[in-house]
Amino acid sequence: MIDGMLQDAEEHYQTLLQAAPKPHVLDHYTVGRVFEVFGRQKDDRWLFEEQFGRWKSDKLSVGQRDEVDRLTEQVARCRTVIESMLSLAQQLKQSTIEKVFPKSDLEFGWTSVKTILFQDVAFDKSTGETITRKLTITASDQYGLPIAPDDEILLGLLQLSRLQNPATEGARTRFGPAYQSTPAKLQHFANPYEA
């Protein structure tokens, strides 16, 4: 029984060591089971130590005494392995898959999208031609994609692009802190979608 416990503990510890460089492959349940199973074994260790102490105080044959000594050493090794494993599991639980991706599948899918492309076709009165207009929004890791309250900002950016560039195919406008505009410059457009 002691030999089996030690072998099992060593195998599980090796598995955790292999997962240590990439703890996100573990989930909360798996790490929790390590604490449950091996925490219980750690708590029950005193039973073995007490029993071996009693046996040592009895009259034992040389073979029996050697076996009790061997099992005592196995319990000590088991204690060391289990304590190391529980310490490692404590570290790994901070980086499980649930910690790395704490969002639902829907939330994760939405936040993993980094670019949205809006496209429409409009008639350019100045050239008399139909043009394709594109708006590409690329998200940053820090702020993500825009949400509903950002629509007024997007409309303002569309107006700024119209002030900077004529509505021609291939025109590109980049926004940054260097370009500043006032609301007065934007107010003369009656319809923000008018090309």
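Coordinate-derived values only; no laboratory data. Predicted, not measured: the structure shown is a model, and the values here were computed from it. In this analysis, Cβ positions are derived from the backbone assuming ideal geometry, glycine residues included, and neighbour counts consider all displayed protein chains.
See the values below:
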quantity: Qualifying residue in the stretch 25-32 (condition: over 28 Å from Lys93 (Cβ atoms) and assigned to a helix (DSSP H, G or I)); calculated: no
quantity: Where a residue in the stretch 147-158 is of a type outside the set (D, E, K, R) and its partner, wherever it lies, is surrounded by fewer than 10 Cβ atoms within 10 Å (Cβ to Cβ), with Cβ under 6 Å and at least six apart; calculated: none
quantity: Test result for Val31, hydrophobic (A, V, I, L, M, F, W, C), closer than 18 Å to Ser84 by Cβ and under 38 Å from the mean Cα position of the chain (by Cα); calculated: yes
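Conditions tested, residue by residue: (1) without any contact (Cβ under 8 Å) to a residue 40 or more places away in the chain; (2) among the hydroxyl-bearing types (Ser, Thr, Tyr).
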position	(1), (2)
Ala19	no, no
His24	no, no
Phe35	no, no
Ser61	yes, yes
Val68	yes, no
Thr72	yes, yes
Arg79	yes, no
Thr96	no, yes
Val100	no, no
